[in-house]
Amino acid sequence: MRQVLITGANRGIGLELARLYAGRGDQVIGVCRDTSTELDQVATRVISGIDVTRQESVAKLVEALGSQQIDVLINNAGLLHDERLGSIDFDSIRQQMEVNAYAPLRVTEALLPLLGQGAKIANITSRMGSMADNDSGGRYGYRASKAALNAFGKSLAMDLKPRGIAVALLHPGYVKTRMTGNTGQLTPEESARGLVARIDALSLENTGSFWHSNGESLPW
């Protein structure tokens with residue numbers, strides 16, 4: 001039985017990940033700003049009132065966890081805004097950087113004492129953070145924040161490998177969630193199944209990989 005901590009677990013992909021892990025018999029710790037009835041029903045423990053962009057809030061998370069060991073950390077909380085050239089909102093870009101890039105690094109660093117040898121970290125990123133895959137432009141804040149997350153994740157993979165901790169950068173696919181206006185090619189359940197399969201396959205041999213939830217290796 002593993003201890004799985006998921007941020008942004010109250011809805012969408014995070015909630016489906018919680019359901020999958022709970023269904024497999026793992027202990028799920030759901031972290032969110034505001035909980036949901038669905039999360040309360042599936043998680044072993046819910047820690048709400050956590051804003052992952054604020055250091056003092058992450059400190060409260062650490063305090064709430066105490067000495068609880070974490071076997072799988074999934075940094076899932078995310079934010080998507082749309083900026084167009086000529087009307088770029090730089091406050092929006094800063095907010096996406098805080099949520100999508102800085103927060104996963106902040107949470108990971110804070111929880112390192114609870115991650116032992118054999119633990120896994122999955123950062124839910126996006127292929128929109130890929131330089132090579134950008135053939136449509138736009139989405140300045142989202143693309144930049146996910147590219148930064150990929151860079152952070154790669155460095156984490158290198159730094160944590162000697163400690164026996166593996167890190168993956170995972171693109172969930174184009175998923176029908178509130179973030180995408182419920183448009184997309186995959187349901188949250190389908191995406192979550194693929195993500196869990198990628199996390200299962202994560203090891204020290206492939207740490208630092210950038211994968212699509214379907215198993216495709218993505219270009220940086």
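The values are calculated or read from the model by the stated rules, or taken from the named source; none is laboratory data. These numbers come from a predicted model, not from an experiment. In this analysis, Cβ positions are derived from the backbone assuming ideal geometry, glycine residues included, and neighbour counts consider all displayed protein chains.
Summary of computed values
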read-out: Residues (touching a helix residue (DSSP H, G or I) at 6+ places or on another chain (Cβ under 6 Å) and closer than 20 Å to Ala110 by Cβ) located in segment 22-42; value: Val28, Gly30
read-out: Verdict on Ser48 being closer than 24 Å to Gly194 by Cα and modelled with pLDDT of 95 or more; value: no
read-out: Segment 25-46, subset among the hydroxyl-bearing types (Ser, Thr, Tyr) and not in a helix (DSSP H, G or I), residue surrounded by the fewest Cβ atoms within 10 Å (Cβ to Cβ); value: Thr44
read-out: Members of segment 187-212 that are surrounded by 19 or more Cβ atoms within 10 Å (Cβ to Cβ) and in a helix (DSSP H, G or I); value: Pro188, Ser191, Ala192, Gly194, Leu195, Val196, Arg198, Ile199
read-out: Evaluation of Gly173 against (1) in contact with a Ser or Thr (Cβ under 8 Å, 6 or more places away or on another chain); (2) assigned to a helix (DSSP H, G or I) (one fails), failing number; value: (2)
read-out: Test: residue in segment 135-142 that is of a type in the set (D, E, K, R), farther than 26 Å from Leu160 by Cα, at pLDDT 95 or above and not in a strand (DSSP E or B); value: no
read-out: Close pairs (9 angstrom Cβ cut-off, 6 or more residues apart or separate chains): basic (Lys, Arg) in segment 37-55, part of a loop (DSSP other than H, G, I, E, B) anywhere; value: Arg45/Gln68
